[in-house]
Amino acid sequence: MNERVVITGYGTVNPLGHSASAYAEALRRGQSGVGFISAFDTTDYSCKIAAEVTNVDFSSVMDAKEIRRTSRFISFAIKAAHEALSHSGLVITDANAHQVGVEIGSGIGGIEILEQTTRTLIEKGPSKVSPFTVPMMIIDMAAGLVSIKTGAKGPNAAAVTACASANHSMGNAFRIIQRGDAIAMITGGAEACITPVGVSSFMAARALSTNPDPTTACRPFDRQRSGFIMGEGAGIVVLESLTHAKKRGATIYAELVGFGSSGDAYHITSPAENGEGACRAMRLALADARLDASAIGYVNAHGTSTQLNDHYETVAIKNALGPHAYTVPISSTKSMTGHLLGAAGGIELIACLDALQNGYIPPTIHLDEPDPNCDLNYTPHVAVETSFDVFMSNSLGFGGHNAVIIGKRFTD
């Protein structure tokens, strides 16, 4: 029999706040984290806006030397993991370290290190390239350094599935605990690619919003949407077996009950027509959770504010949930945070947890004129106070990667 898996802690640093509590308060207010890019000169860029993490202080979790030798996405992961572990009260000791694992995903990793190193190589030659280049750049090093910092010696990996990376990492961690290969996992996603190459590449793919106004640019499901807004940060949760969590008297914030993943086998960037792959992932998650579609009380949509995603995800939700799709509350918290790519699922699971505990549906801000093809209840403008027991969180990535997580209010 599979172990039951519960969430006992979570932490984040993202455009709405440098902690889970600050993030939650901003979500309830419907606050936007989008602004003009300050990280580099955007004079020659058609897209000049993003959802940046500003004035973040890593000194509480890393010393000055570590900060210099660590890329931004890894620093985000370490800070969020430190909060999540502290929040959970889980103490990693010599006795349990081999049973505590880490899986943290990212879509792109240390892209700013690649940019900086390329300039150094061209301008100063190979002898000036830093020996820390590879450890700062590679995606798996977020999980590697979090394990080093925390002492977790259990399963250690990183899912890389574009914008579904965090959900895949958390889904993998869920399975690891279910089958008894770990008693706890530190898991989620981290991303930091608001850089010249990051922004210009998505501009070239015509994926970023062409709206120059940061107060209205990110508008999922709206008729006037024109592309996504890039965000950055990390969202990390602590998953535990119910047996272990109860044994140590941990506070349980929710139970994970379902995970579904699928591939579109369709296109490098476009979702499959009518969201066929996303629909299958949702159905697989429901089957895994042994729940009827009518049990879902809230859907945190992928909701990127792109023409194809929002339309096809709407169709996918309709096909997966049937008539219930027209009544279930849905929202895209990306309207506030921007799109954190490989970290999106991590912060969106945390949004679901806060909404579950405090009885509200986060809003989809800037939804002024709904697209006729997007005709579900997306909770426009302001949060709605209501209680629910089961949530679904969708993440859909370039390359046709789909990952869906279902969680519910814990009952013993």
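The values are calculated or read from the model by the stated rules, or taken from the named source; none is laboratory data. Worth saying up front: this structure is predicted, and the values here are computed from it rather than measured. Glycine gets a Cβ as well: all are built from the backbone with ideal geometry, and neighbour counts include every protein chain shown. SASA here: full protein model, heavy atoms, side chains in, ligands and nucleic acids out. Shrake-Rupley method; radii C 1.70, N 1.55, O 1.52, S 1.80 Å.
Put simply, when 385-395, 109-119 are sorted by average Cβ atoms within 10 angstrom per residue, most first, you get 385-395, 109-119.
When each of the peptides 313-323, 218-228, 9-19, 27-37 is scored by the mean number of other C-beta atoms lying within 10 Å of its residues, the order from highest to lowest reads 9-19, 218-228, 313-323, 27-37. For region 1-28 versus region 141-201, the spacing of their alpha-carbon centroids is 15 Å.
Under 1.5 on a/c is rounded, so check that first for the chain, then, if it is not, pick prolate when a/b is larger than b/c and oblate when it is not; a ≥ b ≥ c are the square roots of the alpha carbon gyration tensor eigenvalues. Cα axes put the chain in the oblate bin. Note on Lys124: aspartates and glutamates with a C-alpha under 20 Å away, same-chain residues under 8 apart excluded, are Glu112, Glu115.
Which percent of the accessible heavy-atom area of the chain goes to carbon and sulfur, probe 1.4 angstrom? Taking all protein chains in place, the chain shows 52 percent carbon and sulfur surface. Accessible area per residue for region 15-86 is 47 Å², calculated with a 1.4 Å probe on protein heavy atoms, without ligands, DNA or RNA.
The helix-based estimate of mean residue ellipticity at 222 nm for the chain, built from -39,500 (n - 2.57) per DSSP H run of four or more residues and divided by its residue count, is -10000 deg cm²/dmol to the nearest 500. Rounded, prolate or oblate for region 152-214? Axes are the square roots of the Cα gyration tensor eigenvalues, ordered a ≥ b ≥ c, and the cut-off for rounded is a/c under 1.5. Verdict is prolate for region 152-214. The Cα trace of region 179-337 gives Rg and Dmax of 18.1, 53 Å, the first to one decimal, the second as a whole number.
Averaging the Cα positions of each part gives two centres, and for region 247-264 and region 340-408 these lie 17 Å apart. Here the contact order of the chain, divided by its residue count and restricted to Cα pairs under 8 Å and six or more residues apart, works out to 24 percent. In terms of packing, defined here as the mean over residues of other Cβ atoms within 10 angstrom, the peptides 153-165, 69-81 line up highest first as 69-81, 153-165. Summing +1 for each Lys or Arg and -1 for each Asp or Glu among the other residues whose beta-carbon sits under 11 angstrom from that of His18 gives -1.
The overall shape of region 288-412 is rounded: from the C-alpha gyration tensor, with semi-axes ordered a ≥ b ≥ c, the ratio a/c is less than 1.5.
Across region 314-402, the relative contact order, built from alpha-carbon pairs under 8 Å that are at least six residues apart, equals 33 percent. Dividing the mean sequence gap of close Cα pairs (under 8 Å, 6+ apart) by how many residues region 131-207 holds gives a relative contact order of 20 percent.
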